[in-house]
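**Student:** Pasting a structure below so you can have a look.
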Amino acid sequence: MGTALIYDEEMTNYKLLWVDPACKIEVPERLTVSYEALVKSGLADRCVSLPVREATDADILLVHSEEYLEAVKKTPYMTLEDLMDFCSQYGDVYFHPNIYHCAKLAAGSALQLVDSVMMGKVRNGMALVRPPGHHSMRNAASGFCVFNNVAIAAQYAKQKYAVERILIVDWDIHHGQGVQDCFEDDPRVLYFSWHRYEHQKFWPNLRDSDFDRVGNEKGAGFNVNVPWNKVGMKNSDYLSVFCHLFLPVAYEFCPDLVLVCAGFDSAIGDPEGEMCATPDIFAHLTHLLMNLAGGKLCAVLEGGYNLTSLPQSVCQTVQTLLGDPAPRPANLDGPCLSALESLHCVRSAHKKYWSCLKHAADLPTCEVSTKRNKVGEEEINEEQSKQEPVWRECPKTLPPDISAAALLPDDGICPERCYSLKSSEDLDPSIVNKLKEHILKDTEDCETLSTLSRLTVLIDKMEKNEIGSGLALVKDISKAVICVVQHAAAAPMNRVLVVYVGDGVVPFHTNEDGKTLVVQFTTQKSEEIQSKYLIPVCLQKDYSDIPGFIQATLSLLLPLGYEYDPSLVVVVQTSGCGLSHNVWQQLIGLLRGLAQGHTLVLMQEDQNAYVGPTASSLLGDPAPPLGPLEAPLPENVESTEKLRLRLKADWNFLLTTGNVK
Ligand SMILES: NCCCNCCCCCC(=O)CS
Ligand SMILES: [Zn+2]
C-alpha cells in the first residue's frame, strides 16, 4: 500500500494584504517550496496523488460553532477595512477574500487523508495545506489558523469510522491549544504536544500549555504537554521525549489511527521556534510512529516558516512515510538539562494515569527548579543566537535496490519481495580462507562454510547500501554471530549493535573499544554489569510480559541505540525465547530506524515460522498493533529501572530527570 500526497495550488491563493509583523511569515511560498522540493526529489511521483475537497458545513461544525462558521462565511465579501476589522477580534491571524475557500480545502484535505487511510486505499499520507489549523478554537481563529484541520479530522474519524482511539502528535513548535480545548475531556483522543513555552513568556502565553494540564475528568491523562523552557532544543531532546514519554504512553494507549499536526517550525532556522533540531529528525519521529495503529498515519502540515528547512523537513517526512529507511542521526549528544527538567515534570504529572510511567520520579520537591535557570546551565549567548543558523542538508539517499535479502537453507522458501542469497553464490576463495583461519579452524563442513561466506557477502553488500537488510536461518548461531560481528566491526568506522534475544552466553566478549555494543534480553538474573558495552536486560521468567518487553525496548534499547548510533544492527534470536510474532515485529520495526535501516536478523534454522514476520518488518511493513498494554510486571519494571539508573552515568540518553546526579 502506498503513501498519499495531497496538495493543490489553490491553497496558495491568499496572502496578507496589509502590514502586520506578527503575520508576515505565513506566506504562500511555504506551500510552493515544499511541493516543488517533493517533485524535484522524485518523492512526489512515488506518492499516490489525491485530490483536495472542500470540507462541508457539517464537517466544520464537528469542531466549530455555527456563529463562528457563519461569521467566516461573510469574509469573502468584505472590503479591506472590514477584513482588518474582522481580524482585530482574534489574535495573530489575518483574513483574505479567498481564505475561507482555502480553509475549507485545508480541512477537506485532512478528511481526504482520513478516508483513504481508513478505507485502506493507502497506508499513510501527507497533506500540504494552508491555512494551518491547530490554534483555531471552536469560536475563534488564532495563530494563522481558521478551521482546526486535524481536530475536524479526528472528530470525522470517530463519527464515520467509529475509531475507538486516536493519537494526535503535534510536533509543531507552538502549542495547539485549539486541539487541546477540543479534546481535553475526551479519553478517545490522546493529544501529545511539545511547544516553545519559556515559562509562559512565549506565544500563545497560556498557563494551559504547561505540563500540569493533563486533561479534565474522563479525559485526565489524555492531554500531554511538553513545554520547552529554552530555545535551542536539538535532535537529542526531541528523541528523548519520544523514547521516555510519547512512545511508552502511545504503546500503552494503542491507537487505531495516528494524526500528526506536522508543523516544521520546530526545525532549525525557523524564526518562530529558534530551535536547533535538523530536518532529518523528522524522518525518525515519523518512523517511530509508523509501527502504531498498523501504520495508519495522516500527517497534516501546520507551521514552518524557514523556506529552506521547511522543504527539507517535508521531504524527510514523506520519504519515511514511503518506507525508506531514516538517515543515521548526526551527532546526538544527549538531552540538555532544561529538556530533562521538562521531561521529568511531564512524566511525574502523568505517572498516575499511565502504568508505563508509574515508576517515574516524583516532581522535585523544590518545584521552583523548573522556574529558573539552573546554575551552570549555559545560556545561548546573545550574539550567537543572533547569527543565522546553518546546518548540513542531509544527503539525498536513494533506497537500496534490494530492500531485504534472505539467506535460507536450500530447502527454505524465500518470502516474497525478498532477494534470496542462494548457496550457489560462488564462494569467494579469499573469504573462505579468511574464515578458515579465523573461525573454522577445525570443522571443514562446507555447509557452515557456505553460510558464513554468504553472510560476509551480505554484510559487504549492506555496507555498500546495495542491500538494505537481511535475515538468515543458520544451524550454528554462535558461529554466525561471531563471524558477522568480526567481519562487520573490522572496518574502522563501523560500530555494531547486537541485540540478543534469548538466554545463553553471548559467544564473544565486547572489548572496551566500543566497536560493538551488546544488549541482551535474558531471563537469567544478571550479576554486576561486566562492561559498558555488554548490557543484560533481565526479564523475569519468560517473555510473556509484553508490556515489560516493550517498556525495556522503548526506554532502554532505543535510547541506547540512538546514542550508540551503529552502522549495523544485528538482531539475534536464540531458539525457544518464545517471543510473540507481533512483539518481534515491533522490535525489528523500531530498530530499523537505526543504522540507516541496515538490520541483519540471525535465527536458528528451526525458527522458519519467524521468517515471514521478520521479512515483513525488514521491508518496512508496519508491525501489527499489540492492543492496549496492561501494566508491566513490577519485577521487570524494577529491574529495568535499576539497570537504567546504573547505566545513565555512561549513557546520557537514559536520563529522564533534571537532577542528573
Ligand atoms: N503577538 C506577538 C507576536 C507573536 N507571534 C505569534 C505568531 C503566531 C504563530 C502561529 C503559528 O506559527 C502557527 S503554527
Ligand atoms: Zn507553529
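**Student:** Run the reach check for Lys648 against aspartates and glutamates, Cα to Cα strictly under 14 Å, same-chain hits fewer than 8 apart removed. What comes back?
**Tutor:** Asp333, Glu563
**Student:** Keeping all protein chains in the complex and leaving out DNA, RNA and ligands, what accessible area do you get for Glu66 with a 1.4 Å probe, in Å² to the nearest 10?
**Tutor:** About 120 Å², ignoring ligands and nucleic acids.
**Student:** Return the ratio Rg/(2.2 N^0.38 Å) for the chain, where Rg is computed over Cα atoms only. Write out the running numbers ahead of the final one.
**Tutor:** On the way: Rg = 25.3 Å, N = 661, 2.2 N^0.38 = 25.9 Å.
Here the answer is 0.98, to two decimals.
**Student:** Next question. Considering only the chain, what is the antiparallel percent among its DSSP beta bridges, to the nearest 5? Write down the numbers at each step before the final one.
**Tutor:** Numbers: 3 of 71 bridges.
Counting only bridges with both partners in the chain, antiparallel ones make up about 5 percent.
**Student:** For region 482-561, take every pair of Cα atoms, bin their distances at 10 Å starting from 0, and report each bin as a whole percent.
**Tutor:** Answer for region 482-561: a P(r) of 18, 49, 28, 5 percent.
**Student:** Taking a 22 Å limit on the Cα-Cα distance, which of the listed pairs Lys160/Lys351; Lys218/Lys351; Lys436/Lys532 fall beyond it? Could you put the intermediate results ahead of the total?
**Tutor:** Working: Lys160/Lys351 33 Å; Lys218/Lys351 16 Å; Lys436/Lys532 31 Å.
The answer is Lys160/Lys351; Lys436/Lys532.
**Student:** Let me ask you something else. In region 139-272, if every C-alpha pair distance is counted and binned at 5 Å from zero, what percent goes to each bin?
**Tutor:** 2, 10, 21, 24, 22, 13, 6, 2, 0
**Student:** At 1.4 Å probe size, with no ligands or nucleic acids counted, give the accessible surface of Thr278 in Å², nearest ten.
**Tutor:** Approximately 30 Å² for this residue.
**Student:** While we're on this one: Please give the contour-minus-distance gain from Glu528 to Ala609: 0.36 nm per residue of separation, less the Cα-Cα distance, rounded to one decimal in nm.
**Tutor:** 25.7 nm
**Student:** Using the basic label-point model (7 angstrom from Cα toward the beta carbon), what is the Ser65 to Tyr161 distance in nanometres?
**Tutor:** So the two model labels end up 3.1 nm from each other.
**Student:** Taking region 1-119, how much of its Cα-Cα pair set, in percent, is spaced more than 21 angstrom apart?
**Tutor:** Values: 3338 of 7021 pairs.
Pairs farther apart than 21 Å: 48 percent.
**Student:** If you roll a 1.4 Å probe over the heavy atoms of the protein chains, what accessible area per residue do you get for the chain, in Å²?
**Tutor:** I get 37 Å² per residue for the chain.
**Student:** Grab the eigenvalues of the alpha-carbon gyration tensor for region 66-143, scale each by 5, take roots, and send me the semi-axes largest first in whole angstrom.
**Tutor:** Values: eigenvalues 163, 28, 23 Å².
Three semi-axes, in Å: 29, 12, 11.
**Student:** Could you pull the Rg and Dmax for region 545-611, using just the Cα atoms, both in Å?
**Tutor:** Gyration radius and largest Cα-Cα distance of region 545-611: 12.1, 34 Å.
**Student:** On a 1.4 Å probe surface of the protein chains, which of His350, His487 comes out largest in accessible area, and what is the full order? Numbers along the way, then the final one.
**Tutor:** Details: His350 0, His487 45 Å².
Largest accessible area first, the list is His487, His350.
**Student:** What 222 nm value per residue comes from the helices of the chain, counting each DSSP H run with n ≥ 4 as -39,500 (n - 2.57) and dividing by all residues, nearest 500 deg cm²/dmol?
**Tutor:** -10000 deg cm²/dmol
**Student:** Summarise the long-distance tail of P(r) for region 146-205 by giving the % of C-alpha pairs beyond 13 Å. Could the numbers behind the result be given before it?
**Tutor:** On the way: 1119 of 1770 pairs.
Of all Cα-Cα pairs in region 146-205, 63 percent lie more than 13 Å apart.
**Student:** If you don't mind, there's one more thing I want to ask. As a test question: what accessible area, to the nearest 10 Å², does Tyr100 have when a 1.4 Å probe is rolled over all protein chains in place?
**Tutor:** Roughly 20 Å² of Tyr100 is accessible to a 1.4 Å probe.
**Student:** If Asp542, Asp59, Asp606 are ordered by their accessible area, calculated over protein heavy atoms with a 1.4 Å probe, which sequence runs from highest to lowest? It would help to have the intermediate numbers written out before the result.
**Tutor:** Details: Asp542 75, Asp59 20, Asp606 110 Å².
The ordering from most to least exposed comes out as Asp606, Asp542, Asp59.
**Student:** Show the residues, 5+ positions off or on another chain, whose built amide H is closer than 5 Å to the amide H of Leu517.
**Tutor:** Excluding prolines and chain starts, which carry no amide H, the hits are Val496, Leu497, Val498.
**Student:** Taking only the C-alpha atoms, wrap a convex hull around region 473-654 and report its volume per residue in Å³ as a whole number. Write down the numbers at each step before the final one.
**Tutor:** Values: hull volume 19.7 nm³, N = 182.
Here the figure is 108 Å³ per residue.
**Student:** Can you give the local net charge around Ser41? Use residues other than it whose beta-carbon is closer than 14 angstrom to its beta-carbon, Lys and Arg +1, Asp and Glu -1. Kindly include the intermediate steps, with their values, before the conclusion.
**Tutor:** Working: positive: Lys40, Arg46, Lys396; negative: Glu36, Asp45, Asp280, Asp324, Glu393.
Taking every Cβ under 14 Å from that of Ser41, the sum is -2.
**Student:** Top to bottom by accessible area (1.4 Å), largest first, where do Met119, Met11 land?
**Tutor:** The residues order as Met119, Met11, largest area first.
**Student:** Please report, for the Cα atoms of region 44-180, the Rg to one decimal and the Dmax as a whole number; what are they, in angstrom?
**Tutor:** Cα only, region 44-180: 15.1, 47 Å (Rg, Dmax).
**Student:** If I compute solvent accessible area with a 1.4 Å probe over the protein chains, what percent of it on the chain is carbon and sulfur?
**Tutor:** 53
**Student:** How big is region 190-255 on each of its three principal axes, counting only the C-alpha atoms and giving the largest first in Å?
**Tutor:** On the principal axes, region 190-255 reaches 32, 29, 14 Å in Cα extent.
**Student:** Excluding Pro335 itself, calculate the net charge of residues whose Cβ lies under 12 Å from the Cβ of Pro335, where each Lys or Arg counts +1 and each Asp or Glu counts -1.
**Tutor:** Working: positive: Lys230, Lys234, Lys648; negative: Asp237, Asp333, Glu341, Glu563.
Counting the neighbours of Pro335, the net charge comes to -1.
**Student:** What is the local net charge at Cys577, summed over the other residues whose Cβ is closer than 14 Å to its Cβ (Lys, Arg +1; Asp, Glu -1)?
**Tutor:** -3
The values are calculated or read from the model by the stated rules, or taken from the named source; none is laboratory data. Bear in mind that the values here come from a model prediction, so they are computed numbers and not experimental data. All Cβ positions, glycine included, derive from the backbone under ideal geometry; neighbour counts span all protein chains shown. Side chains are part of the model used for accessible areas, which takes the heavy atoms of the whole protein and leaves out ligands, DNA and RNA. Shrake-Rupley method; radii C 1.70, N 1.55, O 1.52, S 1.80 Å.
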